[in-house]
Every structure is written in structure tokens, then in C-alpha cells.
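Just below is one structure, and these are the notes that go with it.
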Amino acid sequence: MMTRVLCALAALAAAAFPVRAQGALERLSLSGAGSQTGTGALRCSIGERAELSLQGLDASLAAVPLEQYAPEVTSTNEKVLIAKLASYSSYIVNAVCVADGEAWITVKSAGVETSMPALVGKSRSKATPTMAATTRAVPIAGPAERDVATPTTPTTPTTTTGVVPAGNAPERATMASRQTPSPIDAEERRGASLHVVQPVADAPAVPATGLTLFAGYGEVVLQWHPAPGAVGYRIARKDVATNTLETLTGESVGADGRGLLTDTGFVDIRVIPGKQYAYYLGTYFRHANGSYYSPEPAVEAHGVATPRDPMGQEWLPLDWRDPVTLTSVSMENGSLVLTWRPKFAAMYYAFSTAIGVGSQLGSCGLPDTHKFDMHLADTTFTKNIVSDNSDGARVTMYCVGIRALFPESMSHGQPSGEMGNYIAFAAVGRSCPASSADPCSPWRVIPAAEIQENHIQHWARFW
């Protein structure tokens, strides 16, 4: 989960929204990363953690500081999910998924309430439960007081602006567009009140945290924790000696999101050993109208690293970074059997698996990935293939990743630490009818050349 950023979050609460006079708290909203809450419910596996953004609005949809309102966060079933307000911020709700089942996360503050359903483990495949709507009377211009219903469809929200000054992070265009939300057409029925649908507010521009830099041999590995609600990230690098800055992940961001990283890791291999580099991580969010916004650059994560020279390590072969060469991939008695050529100076080999349901065959970039600590000195590996995932859905794609591990350093002739080369993928796939009563096709081996991830350099952890 995210590292607690005490000072940054306090400043961000005020900086992430346009400055205007705030009224009383009239509405709360809860949002999270699209990969977890994109269906309107928090969906997580057992043991997974989630971080949700909490936002308060007044009647004019201006952001309201929540510190003075002391929000209370509860879960309807703590045997399934535990939810608490972060001790370091009034804008972050931390959730831990405990067991299979359904629970509701509820936030109450100053008589205002909001809820989000949570589906854990096997319940993730269920439809999103009906949201328990919270209605609160808000005065609207006119002689009579009319009810304002809980929002059901989004309109254009107010805009958060993030501009990165030159020299500190990649240049981003200032995105400032503001539109006053208009009410839906009135429908007067027997003197009924006018019902207004409020727009869905933007996610708070909270930066990604927990950025770590690993200065590897001829490369720098970056990892970070995701920001709730963010749609992607960009990385810029400065050569400290020459004070020159360049964007590593795309000079611009397209309307379709092209140029943004969606992963929370990146490997920079275009480095010179011994040269010092500063890295800047930009976090991007998106308005309902498609434009992007970002946190203020002062609160974005950054760090410095100096890559090491692999040529100075005499135990490393010149091709140590290249993936292993698979010599055979076959199915035997329901198991995937791999053989590969040994890598000179490798201590042993490690593996990871990924499974997909209804996925297009040819990609191992699957969300349900499991890295397991199994080290083999041999050059043959047999892995049984599962037919169903944890939700009971039939698996259509099964991938195994393999990498060689080398000693990071030598002490008195003994290896100390480990570093891995790029991953090679092997996979099997099948097609399954929509009806579970109909059988799936037999598993078939997917040629390594047809797997997308075998054509790009995949980084591996070095620690």
C-alpha cells in the first residue's frame, strides 16, 4: 500500500481544487483505482489492500476541507472487509479484503453519508449491488425548497489543474476548463419537487507514493505505489551533470491515453554506468470530458540513482540480461513442461504464473498474476495447469514466466544477493463456450513467437 506522506497530503488537500469560498458539507464521494472500482464496487482478492479517495463538496460543488468534519468510516461486515479512515489523512480510506463475501464501506460526516459496495474473493464475479442512495435537501433558486437526488449520471466536473515547471518534471499543458452543472429537465407531477442530478466529482489529485529506485548494472529500476483514481503515469529523467531533462515515457499524452504508463514499474536501460540521474514521476487523472489533470509538481515523487557497470563484475556473462532460450514447450498429462538452455554463471531459475479468463490468446499481460518463490538449478520445469480461477470461471490462458538469477556481488568467492535477467514467457490456451455445460477445446501450446511479451524487454526484480 501507499507510503504515508504526512506533509504532502496536508498541502494537497488545499491545492488539489480551485480556490473558492466553501459552504457547508453537502455531499461525500468515495472513489478508487479504476482497476479495483471501475464497476462501481470495490472488487479485491483475499489479502489484497485498497486505498480509496474521500472527497467533500458543498452545494455549489466546491471542495470542502474534511478535517473539521471528522469523517467516520465503517464496514458492514468486518469478517469480509475492514475499512478505516487513514490516521494521516482525512481524505484517504484504507481497506483490507479479508474473506469471500460482500460488505459495504460507509462514510458518515456531519449528517452526510456515502457508501460503496465491496465484493471480495469469489464474490468478485457478482453483479454490482444497488447503491444505497443518500438524499439530502439542498436549497435551489426559487421560492420553494426542492430536493436534490443522489447523482446517477456524470456531467462535466470542476477542473483540477497541474502544471509542472521546466527543469523539475516533464512539461504538461495546463488544463483548465470549468462548466457550471445544469439541472435536468424539470418534471412537475402533482406539485412534486424538481430533482437535480449532481455531477460526479473528480478524484482528488493525490500523487503516487512509495517511489523506489534500484541502481542496477547498466539500468535503473523504478517502482511505486498506485494513486487512487489515477489513469496513468509519466517518467522524466534529468542528467544531473548537464542539467538536461527528457521525458522517457512519451513526449505527449494522447486523447486515448497513449504516452501514459499503466504499470507501477519501469526499467530505464538507456543509461551510462557511473552517471547520476534524477527521476521525476508524474501522476495523471482524467476529467469526465477527457482532459487530464495532475497534482502540483512540488508533491510529486522523485529520486536520484547512479547505475552500476556490469563490465566490472567478472562473474557476469555478456548476455546475462537476455532471457533464457526455451528449447521445448509441451503439454503432458495436464501439465505444462518447459525445457531451456542453461545460462552461464546463473545460480538458479525462478518462475511466475499468470492466468486469464476469456482473454485474447497471445498476451501474458494478465491481471491475475502470481509470483512464487521456486528456485531450480535444473533446466526443466513442470507446472500443472488450473482449469478454473478463484472465482470459479474457466481459464482460457495460462502463462509461465521464467528468468535466470545471477549473483549481485561476490564475497570471498561466495555469491551475495541476486539479480535477474529479462523474463521469457511460455503459454497454453484454449477456447471455452459461454455455457459452462459445454466443454472447452483442448489446451494447445502457443508458440513463443506469438506471445506479445516475448518481443519487449520485461524487467525482473533484482532483490
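We did not get these values from a lab; they are worked out from the coordinates using the rules stated. Just so we're clear, the structure is a prediction, and the values are computed from it rather than from any experiment. In this analysis, Cβ positions are derived from the backbone assuming ideal geometry, glycine residues included, and neighbour counts consider all displayed protein chains.
Tabulated data
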{"quantity": "Residue order, fewest to most surrounding Cβ atoms within 10 angstrom, among Met116, Met397", "calculated": "Met397, Met116"}
{"quantity": "Rg in Å to one decimal, and Dmax rounded to a whole Å, for the stretch 32-101 via C-alpha atoms", "calculated": "13.3, 40"}
{"quantity": "Residue-span extension gain [His302 to Ser252] - 0.36 nm each, minus C-alpha spacing", "calculated": "16.0 nm"}
{"quantity": "Environment charge at Asp319 (Cβ cut-off 12 Å; Lys +1, Arg +1, Asp -1, Glu -1)", "calculated": "+2"}
{"quantity": "Sorted by Cβ neighbour density within 10 Å, fewest at the top, the residues Phe266, Phe344", "calculated": "Phe344, Phe266"}
{"quantity": "Rel. contact order, % - alpha carbon contacts under 8 angstrom, at least six apart, the stretch 261-307", "calculated": "45 percent"}
{"quantity": "Rg over Rh [alpha-carbon atoms, Kirkwood Rh] for the stretch 417-456", "calculated": "1.22"}
{"quantity": "Compactness of the stretch 17-135 as Cα Rg over 2.2 N^0.38 Å, two decimals", "calculated": "1.06"}
{"quantity": "Test item: Cα-centred dipole of the stretch 17-135, Lys/Arg +1 and Asp/Glu -1 on Cβ, debye", "calculated": "300 debye"}
{"quantity": "Taking Ile402, Ile46 and counting other C-beta atoms within 10 Å, the order from fewest to most", "calculated": "Ile46, Ile402"}
{"quantity": "Protection proxy ranking, peptides 253-259, 390-396, 221-227, average beta carbon neighbours within 10 Å, highest first", "calculated": "221-227, 390-396, 253-259"}
{"quantity": "Under 12 Å, Cβ to Cβ, from Gly392 - net charge with Lys/Arg +1 and Asp/Glu -1", "calculated": "+1"}
{"quantity": "Burial ranking of peptide ranges 324-331, 420-427, 347-354 (average Cβ count within 10 Å, highest at the top)", "calculated": "420-427, 347-354, 324-331"}
{"quantity": "Cα-based Rg and Dmax for the stretch 216-352, where Dmax is the largest Cα-Cα distance (Å)", "calculated": "19.7, 59"}
